[in-house]
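The values are calculated or read from the model by the stated rules, or taken from the named source; none is laboratory data. Everything numeric here is computed off the predicted structure, so don't read it as measured data. Counting neighbours? That spans all protein chains shown, and the Cβs are built from the backbone with ideal geometry, glycine included.
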Amino acid sequence: MREPSKARLSEASTCLNYNLRRTSRLVNHFYDEALKPAGVRAGQFNLMVPVALRGAFLITELAALLGMGRSALARNLKPLERKGWVTVAVGADRRTRIVHLTREGERLLFKAYPLWERAQTKLTAALRGSDLQRLLKALRAAGDAVRTED
């Protein structure tokens, strides 16, 4: 097998995965710092918001919504359970688990929301409206494209 030239290898810097992961790390750090005064991390906030909006979620449904594996979601929920922000209860079918937000979790979201909102406003302002909508549409399309490959 022939090694690629440096010129060809430099094409890898346009890799969608590389650029998404890099941007994801930077944006995640930005939101983590913004949410720090509330005592919650961006990933935790993002796990709790859908549950708060819906009231309860089967772990399998929440995992699908978030694009996560069931076991990864269960691991990510453990610290939230320990802090008393969510509960995970056995469903009607003993094999299912249902995630609920606690009152303490709800209070945390209400405390964190203005911090998130400021960070969101600052970041989205940099994308100036229509660019943001195009970015979100492109990210959904990329996610849908790989989801159909599963």
Filter result for Val86 (within 16 Å of the chain's Cα centre (by Cα) and surrounded by 15 or more Cβ atoms within 10 Å (Cβ to Cβ)):
no
Being buried (at least 16 other Cβ atoms within 10 Å of the Cβ) and touching a residue at least 60 places away in the same chain (Cβ under 8 Å) is the filter; apply it to the stretch 19-41 and report the residue that is nearest to the chain's Cα centre (by Cα).
Tyr31
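If I go through the stretch 1-35 residue by residue, how many of them are among the aliphatic types (A, V, I, L, M), under 23 Å from Gly143 (Cβ atoms) and out of contact with any helix residue (DSSP H, G or I) (no Cβ under 9 Å at 6 or more places or on another chain)?
At the first step, the residues of the stretch 1-35 found to be among the aliphatic types (A, V, I, L, M) are 1, 7, 9, 12, 16, 20, 26-27, 34-35.
Now narrow it down to the ones that are under 23 Å from Gly143 (Cβ atoms): 12, 16, 20, 26-27.
This time we only want the ones that are out of contact with any helix residue (DSSP H, G or I) (no Cβ under 9 Å at 6 or more places or on another chain), so: 26.
Number of matching residues: 1.
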Looking at the stretch 104-117, can you tell me whether even one residue there is within 26 Å of Phe30 (Cβ to Cβ), exposed (fewer than 13 other Cβ atoms within 10 Å of the Cβ) and under 17 Å from the mean Cα position of the chain (by Cα)?
yes
Looking at the stretch 77-114, which of the residues that are of a type in the set (Asp, Glu) and at pLDDT 95 or above is farthest from Phe57 (Cα to Cα)?
Glu104
Among helices (runs of 4 or more DSSP H) completely within the stretch 1-69, the ones holding 1 or more residues that are in contact with a Lys or Arg (Cβ under 7 Å, 6 or more places away or on another chain) are 16-35, 59-66
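Restricting the search to the stretch 74-98, which residues are under 19 Å from Leu109 (Cα atoms) and not in a loop (DSSP other than H, G, I, E, B)?
Asn76, Leu77, Lys78, Pro79, Leu80, Glu81, Arg82, Val86, Thr87, Val88
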Exception for Leu127 within (1) hydrophobic (A, V, I, L, M, F, W, C); (2) part of a loop (DSSP other than H, G, I, E, B); (3) out of contact with any helix residue (DSSP H, G or I) (no Cβ under 9 Å at 6 or more places or on another chain) falls at (3)
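Please indicate, with yes or no, whether at least one residue in the stretch 37-55 is of a type in the set (D, E, K, R) and under 15 Å from Leu101 (Cα atoms).
Taking the stretch 37-55 and keeping what is of a type in the set (D, E, K, R), we get 41, 54.
Next, from what is left, pick out any that are under 15 Å from Leu101 (Cα atoms): 54.
Checked against the condition, which is being of a type in the set (D, E, K, R) and under 15 Å from Leu101 (Cα atoms), the stretch 37-55 yields at least one hit.
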